């Protein structure tokens, strides 16, 4: 079935095209009877051509939008992947930092302990050496029959001083160890 327009409708359509550049669109163009009217035939052919051009442009725009959406989706996934890697790296670096701080603390305590051990050994060696020397001198004086009054008092004072110094050294070392242990704990809590 073909549709034939009356002269007024036909002229109105042609005039609308000329003045406003508006054409009929859609499948109705296939049903218009253009026989014996070359001007209407030209109108229908141009309208069909314009419609195909518009459809092609719309299709191109749709494809372009779909491509952009695909790129945006891929970019979003890549950003999420990179963010996850950054979070994992941050956690890993924090764990490494804590391990390094712990290792440093252990190393410092071990170094302090070794230093304290050396100080205690040297102090004890000096105390024992002075004690042995004084004792040998006192014994030598007693066996040779010399006056031991002065050496006896000296020997007694020497041992008192040596014991006092020994306890003083040990107390100082323990105080340093206790103070460094507390400051190490505070610095670990602060970080």
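Might you let me know whether the range 28-37 holds any residue that is assigned to a helix (DSSP H, G or I) and modelled with pLDDT of 85 or more? Don't jump to the end; show me each part of the working.
Initial filter on the range 28-37 (assigned to a helix (DSSP H, G or I)): 28-31.
Subset that is modelled with pLDDT of 85 or more: none.
Scanning the range 28-37 turns up no residue that is assigned to a helix (DSSP H, G or I) and modelled with pLDDT of 85 or more.
Out of 44, 34, 91, report the one residue that is over 30 Å from residue 174 (Cα atoms), surrounded by 10 or more Cβ atoms within 10 Å (Cβ to Cβ), in contact with a helix residue (DSSP H, G or I) (Cβ under 9 Å, 6 or more places away or on another chain) and free of Cβ contacts under 8 Å to residues at least 12 places away in the same chain.
Working: 44 fails: free of Cβ contacts under 8 Å to residues at least 12 places away in the same chain; 91 fails: in contact with a helix residue (DSSP H, G or I) (Cβ under 9 Å, 6 or more places away or on another chain).
Matching residue, one of 44, 34, 91: 34.
Of the residues in the range 164-178, how many are at pLDDT below 70 and farther than 14 Å from residue 115 by Cβ?
Summing the residues that are at pLDDT below 70 and farther than 14 Å from residue 115 by Cβ in the range 164-178 gives 0.
I'm told residue 142 meets every condition in (1) farther than 27 Å from residue 163 by Cα; (2) more than 60 Å from the chain's Cα centre (by Cα) except one. Can you identify the failing condition by its number?
The number of the failed condition is (1).
Would you be able to tell me the number of residues in the range 114-148 that are surrounded by 12 or more Cβ atoms within 10 Å (Cβ to Cβ), closer than 30 Å to residue 176 by Cα and without any contact (Cβ under 8 Å) to a residue 40 or more places away in the chain?
Number satisfying all stated conditions: 6.
Looking at residue 25, is it loosely packed, with under 11 Cβ neighbours inside 10 Å and either touching a helix residue (DSSP H, G or I) at 6+ places or on another chain (Cβ under 8 Å) or free of Cβ contacts under 8 Å to residues at least 24 places away in the same chain (or both)?
Values: loosely packed, with under 11 Cβ neighbours inside 10 Å: no; either touching a helix residue (DSSP H, G or I) at 6+ places or on another chain (Cβ under 8 Å) or free of Cβ contacts under 8 Å to residues at least 24 places away in the same chain (or both): yes.
When the stated conditions are applied, residue 25 does not pass them.
The values are calculated or read from the model by the stated rules, or taken from the named source; none is laboratory data. All figures in this text were calculated on a predicted structure; none of them were measured in a lab. Reconstructed Cβ throughout: ideal geometry from the backbone, glycine too, with neighbour counts over all protein chains shown.
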